[in-house]
Every structure is written in structure tokens, then in C-alpha cells.
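The values are calculated or read from the model by the stated rules, or taken from the named source; none is laboratory data. Treat the numbers as computed from the prediction; the structure is a model and nothing was measured. Every residue, glycine as well, gets a Cβ built from its backbone with ideal geometry; the counts of neighbours run over all protein chains shown. For the accessible areas, the whole protein counts, side chains as well, though only heavy atoms, and no ligand, DNA or RNA atoms are used. Shrake-Rupley method; radii C 1.70, N 1.55, O 1.52, S 1.80 Å.
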Amino acid sequence: MKPTVRRIDWTTVVSRTLLFSLLWWALTDGMAGSWWVGAPAVAGTVAISITLLPSSGLIWRKVISFIPFFLWHSLKGGVDVAWRAFHPRMPINPALVEYTLRLRPGMPRVIMVNTVSLLPGTLSADLVGEVLKVHVLDSLGHFPAELKALEQRVGCMFRDTTDDFPRR
């Protein structure tokens, strides 16, 4: 039996090398002398990351456009949570909301589930098959629409998404 040879995705190698190099530079406060250790560490980290997590098909311009979306929703959610915490009657109506995911299994779902947990007022509680259970502070809110918008943004960050998501 012949071993399977994986094709190297050079854009993934270059982008991860840049990312890990930037991380090394930040951790060492830009000390030039640290690259004697940093260059082999970055090369090893890139090799290990490519082996353990092959190319995810991310579209980097979509990732960059996702950042303001995420920050805005985090700020908006944080203000809402703070308002509820300091309100005299603390108006909360917690519930578990079920949301059926359309994202393919793997990295897109991982990012979706973790992003939901990072937004204030929501917490990914369980994922069984295609159904994500989300704990929300206010079940009367617009969570289905917000989860759908988030899922579309996450889906657009990947090259190979389901046909339900627009490809731009």
C-alpha cells in the first residue's frame, strides 16, 4: 500500500508563518536576538499546526470583516447585560433555545459554537448532531435572527460552506 501524500497549501503555510512570527515578536517585545530560538520555534509550530489542523479554507478578508461584526455585537451584548444587572428588577427571562446549524461539521461549527459563547447573554450549552442548544438571558429577544446572522458570517469566512450561504 502506498502512503497518501497530502498536497501542501502554501497560502496556509505562509499565513501561519506570519501569524506565529507576529506572535513570537509580540511575546519577546521585538527583541532581535530572540529569533535564534524563535525561528526554529515558529517553523516547528507551523509544521505541527499543518499536521494537526490542515487548511481550514478560511477567506482572510472575510475573517477581517468578521472582527468589527463580532466587536459590535460584543459591545451591544455587554451593554445589555450590564443594563439588566443594574436594573432594579433585573429583567431576565433565561431559557435554552435550540438552533439548527447549517454549517458543515469541523472548523466552521467550532468557530460558530465558540463565538456564541463569547457573546454576552448567550452560552453554547450543548451540540447534538445539527442542533445547538444556547442558554440565553432573555428568551423574548431576537436570538434566532441573531444566531442566523452570526452563522452566515461564520459560513462566509470559509471557502467550502453549504449552499445556504452566499459566496462573496
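Other residues within the sphere of radius under 15 Å centred on the Cβ of LEU22, judged by their own Cβ, net out at 0 (K and R +1, D and E -1). When a 1.4 Å probe is rolled over the protein heavy atoms, the share of accessible surface on region 107-147 that falls to carbon and sulfur comes to 66 percent.
Taking each residue as 0.36 nm, the span from VAL128 to ILE50 lengthens on full extension beyond its C-alpha to C-alpha distance by 25.3 nm. Of the peptides 27-36, 121-130, the ranking by mean beta-carbon count within 10 Å, highest at the top, reads 121-130, 27-36.
With both labels modelled 7 Å from their Cα along Cα-to-Cβ, the ARG89 to ASP9 distance reads 5.1 nm.
Kirkwood radius, region 15-65, all distinct C-alpha pairs, inverse of mean reciprocal distance: 12.0 Å.
Find how many whole Å separate the alpha carbon centroid of region 15-58 from the alpha carbon centroid of region 66-113. Centre-to-centre distance over Cα atoms comes out at 31 Å.
Extent of region 77-138 along its three principal axes (Cα atoms, max minus min coordinate, largest first): 43, 17, 14 Å. The residues of the chain have, on average, 67 Å² of accessible surface per residue, using a 1.4 Å probe with all protein chains present. Ranking ALA85, ALA125, VAL113 by how far each Cα lies toward the positive end of the dipole of region 69-144 (charges on Cβ) leaves VAL113 at the top.
Placing dummy labels 7 Å off each Cα toward the beta-carbon, the span from TRP36 to GLN152 is 5.5 nm. So for the chain, considering every pair of alpha-carbon atoms, how many percent are separated by more than 28 Å? It works out to 40 percent of all Cα pairs.
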